[in-house]
Structure formats: C-alpha cells, structure tokens
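Novice: Structure below; questions to follow.
The values are calculated or read from the model by the stated rules, or taken from the named source; none is laboratory data. All figures in this text were calculated on a predicted structure; none of them were measured in a lab. Reconstructed Cβ throughout: ideal geometry from the backbone, glycine too, with neighbour counts over all protein chains shown. All accessible areas refer to the heavy atoms of the entire protein, side chains included, with ligands and DNA or RNA removed. Shrake-Rupley method; radii C 1.70, N 1.55, O 1.52, S 1.80 Å.
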Amino acid sequence: MHTLRITLIGLILLSLFVFVAAQINRRKNRQDVNGGRLFILVWLVVSIANFSVGVFIAGYSVLTELGVHVVVFGLPAAVAWFMSRKFCSKSNR
C-alpha cells in the first residue's frame with residue numbers, strides 16, 4: 001500500500017510541476033521551463049530518501065527496496081519523460 005501511495009504522490013507532484021512550468025512559460029511567452037525534467041531530478045532525490053528509509057529504518061533488504069524503488073521512481077519518471085517529450089518544443093529537449 002505504501003508503494004502505491006508514494007507512486008500516486010509522485011504523479012500528483014508531476015502534474016503540479018507541469019502546471020507551474022506551463023504558467024511560467026505562458027507569462028514569459030517562451031518555453032524556458034521544462035516541468036518534466038525538473039520533476040525527474042526532484043523525484044530522484046525523494047525516491048533515494050524513501051529507499052534509504054526503507055533500508056536503514058524499516059529494515060527491508062536492499063534487494064527488496066530496489067524492486068520497490070523501480071516502481072516508485074520509474075513510473076512517475078517515465079510519465080514525466082513522456083510529457084516532457086510530447087509537450088515541450090523541440091528546441092527545449
């Protein structure tokens with residue numbers, strides 16, 4: 001249940017990043033801010049922290065947490081990458 005909850009939080013956070021980036025780009029009338037790319041960097045840090053808590057505090061094995069980490073980081077990051085490629089201009093890739 002924790003994995004599902006964290007993954008959903010990641011997807012909600014991604015939508016917030018994309019929305020804020022779109023608002024900034026609209027005001028500047030340019031495509032300077034890429035919310036998907038910024039999200040991937042922030043989400044990597046959050047996922048590593050979640051991984052560390054699972055291993056060092058909760059006592060799960062590294063192998064078990066790696067399987068969870070693939071889902072927790074990978075799914076929101078893949079969606080962010082797709083959105084970044086689909087909605088950003090070619091000069092900003």
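Novice: Per residue, how many Å² of accessible area does the chain show with a 1.4 Å probe? Can you show the working numbers first?
Specialist: Values: 6320 Å² over 93 residues.
For the chain, the solvent-accessible area averages 68 Å² per residue.
Novice: State the percentage of accessible surface on the chain attributable to carbon and sulfur atoms; use a 1.4 Å probe and exclude ligands, DNA and RNA.
Specialist: C and S atoms contribute 71 percent here.
Novice: Could you work out the relative contact order of segment 9-81, using alpha carbon pairs under 8 angstrom and six or more residues apart, expressed as a whole percent?
Specialist: Values: 51 pairs, mean separation 26.1, N = 73.
After rounding, I find 36 percent.
Novice: Separate question: Compute the acute angle (0 to 90°) between the alpha-carbon long axis of helix 62-87 and the principal axis of greatest extent of the alpha-carbon atoms of the chain; round to the nearest 10°.
Specialist: That helix lies at roughly 10 degrees to the long axis.
Novice: Can I ask one more? For the ranges 60-71, 4-15, what's the packing order if you count other beta-carbon atoms within 10 Å of each residue, average per peptide, and put the highest first? Could you put the intermediate results ahead of the total?
Specialist: Details: 60-71: 13.6, 4-15: 15.1.
The peptides rank, most packed first, as 4-15, 60-71.
Novice: What is the helix-to-structure angle for 35-52, meaning the angle in degrees between its Cα long axis and the longest Cα principal axis of the chain, kept from 0 to 90 and rounded to the nearest 10?
Specialist: Roughly 10 degrees between the two axes.
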